């Protein structure tokens, strides 16, 4: 049964969000038209990135905990990860937006973004010799910079969802790095861990969630405009 460990972790991460997608008040399934293409584009980006960092020895996968199906140098479960985790995070994002009328972080979102950009760039430049740290933090800072200049009205809501998502993130990534299912080469990261999780993974999650949110909101806006024209 050990070989199904990563598979079960993936399934466990999406089970509740998927079942609750059809709850009469949330009706998250109505967002699928915008969500699925957003996830597909983001997953393509992360799979390419994941493939090369695996080839370069930044991280690897313990054969003890995977079913043994490999696609382009990555286990099947890793491909699933890039759909299941974003689905769950976007479920949190949309559910919080629906259930909470207020947006308390909106007035702080611009400053949060500025601080993150500065801190991430400083760390990335000062540790450019470490592949995971340098590349990951640079990519995250770049996307945050785009968000800053775009002035997205939903950034406060995004940060709220991100902070809430950190709890399940600690559980899922904690299991993956504790067993470990995923092994890291500490020569390519800061060597700082949150329990057993490389600290860079917090920005990995931020980048993945932000990319999904930008695309999701873009596709949802286009869909709304299309429906408005049809009914006009």
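Based on the reciprocal of the average 1/r between different C-alpha atoms, the Kirkwood radius for region 93-232 equals 16.6 Å. Rounded to the nearest 10 degrees, the angle from helix 200-231 to the longest Cα principal axis of the chain is 30 degrees. How much of the calculated P(r) for region 1-110 lies past 18 Å, in percent of all Cα pairs? That tail contains 60 percent of the Cα-Cα pairs.
Sorted largest first, the principal axis extents computed over the alpha-carbon atoms of region 1-45 equal 37, 30, 8 Å. Between residue 23 and residue 193, the simple label model (points 7 Å from Cα in the Cβ direction) yields a spacing of 3.5 nm.
Over the residues of the chain, the helix contribution to mean residue ellipticity at 222 nm works out to -24500 deg cm²/dmol, using -39500 (n - 2.57) for each DSSP H run of at least 4.
Normalising the average separation of contacting C-alpha pairs (under 8 angstrom, six or more residues apart) by the number of residues puts the relative contact order of region 2-231 at 28 percent. Relative to the dominant Cα principal axis of the chain, helix 32-55 is inclined by about 20°. Over all directions, average the projected area of the Cα convex hull of region 52-164 and note it in nm². The Cα convex hull of region 52-164, projected and averaged over all directions, gives 8.9 nm².
None of the figures in this text is laboratory data; all of them are computed from the coordinates on show. Note that the coordinates shown come from a computational prediction; the quantities given were computed from them, not determined experimentally. For neighbour counting, all protein chains shown are included, and Cβ atoms are generated from backbone atoms with ideal geometry for every residue, glycine included.
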